[in-house]
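The values are calculated or read from the model by the stated rules, or taken from the named source; none is laboratory data. These numbers come from a predicted model, not from an experiment. Reconstructed Cβ throughout: ideal geometry from the backbone, glycine too, with neighbour counts over all protein chains shown. Protein only, heavy atoms only, side chains kept; ligands, DNA and RNA dropped before computing areas. Shrake-Rupley method; radii C 1.70, N 1.55, O 1.52, S 1.80 Å.
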Amino acid sequence: MGRNSQRRRSARAARAAHDLRPDLSEISRVRTQKRLRADIATWMENPSKGPGGSFLEGEHPSDPTMVMAILMAWLVGAREQITEDQARDTVLWVSDNLGIQHDDLLQVSGFIGHPDAPDLTLNQAVEHYGDPMAFVLSMVLLSGGLVASVGDGDPNWLKQFDLTS
């Protein structure tokens with residue numbers, strides 16, 4: 001085997017390994033956070049339509065791992081600042097305004113400190129929803145509920161919980 005052939009294979013393997021890793025760069029993180037907040041803002045203007053998926057679709061979709069990390073940061077960050085009553089109000093807002101079953105929301109509401117939420121690991125919560133995308137959507141719904149019930153309808157309220165370097 002020649003050196004050039006080995007170098008080409010090594011270069012291809014390096015590119016393939018790089019492609020499998022999520023892009024956690026500052027630019028990607030900031031862009032994804034902005035797109036998520038914008039999607040929540042659009043949804044808050046008309047809650048009956050529910051949140052869109054612009055952050056996972058379109059010309060430049062966000063990495064699902066990044067989306068999940070940002071949503072978890074927002075929810076867990078909010079838990080540190082809100083009361084149990086505000087956590088209850090958030091779940092009730094989503095349930096009442098979007099017709100989502102209260103018990104279904106409880107599976108993910110432990111992230112915001114809801115006192116009735118089951119004590120689940122991340123894997124158990126994802127398994128409950130049966131699909132990682134359904135789990136991500138539940139986190140988006142809960143984030144929107146936080147904006148509506150605690151953040152005075154301002155999606156920029158979530159900025160305080162953004163991931164930083």
For the stretch 71-138, state what percent of all Cα-Cα pairs lands in each successive 5 Å bin, counting from 0 Å until the bin that includes the largest distance. 4, 19, 28, 29, 17, 3, 0
Whole number in Å², please: accessible area per residue of the stretch 72-165, 1.4 Å probe, ligands, DNA and RNA not counted. 49
Under the 7 Å Cα-to-Cβ spin-label approximation, ASP85 and ASN123 lie apart by a distance in nanometres of 3.9
What FRET efficiency comes out for ASP154 versus GLN101 if R0 is 35 angstrom and r is the Cβ-Cβ distance? Round to the nearest 0.05. 0.80
